[in-house]
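Computed from the coordinates by the stated procedures, all read-outs in this text should not be read as laboratory data. Since this is a predicted model, take the numbers as computed values, not measurements.
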Amino acid sequence: MLNTVPEAIVWAIFLLPLSSFVIISLFARRWPQRSGYITIAA
C-alpha cells in the first residue's frame, strides 16, 4: 500500500515553484544577467 504524504510536503511542492518565480522576477529588474543564470541553473 502507498503511504500518505504529510500536508506540509504537499504545500511545499506547491509553493516552492511560485516563490522561486517571485524571487527571479524581483532579481530580473535589478540584475537581468544574473536572473538569466539563475533561471537556466534551475
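Restricted to Cα atoms, the chain shows a radius of gyration and a Dmax of 14.8, 50 angstrom. Secondary-structure-derived ellipticity at 222 nm for the chain, considering helices only, amounts to -27000 deg cm²/dmol, per-run term -39500 (n - 2.57) for DSSP H runs with n ≥ 4. Our coupling estimate for the range 3-19, obtained by passing each phi through the Karplus curve with A = 6.51, B = -1.76, C = 1.60 and θ = phi - 60°, is 7, 7, 9, x, 5, 5, 5, 5, 5, 5, 5, 6, 8, 4, x, 5, 5 Hz, Gly and Pro reported as x. Along the range 24-39 the Karplus relation, 6.51 cos²θ - 1.76 cosθ + 1.60 evaluated at θ = phi - 60°, assigns HN-Hα couplings of 5, 5, 5, 6, 5, 6, 8, 10, x, 5, 5, 5, x, 5, 5, 5 Hz to successive residues, with x for each Gly and Pro.
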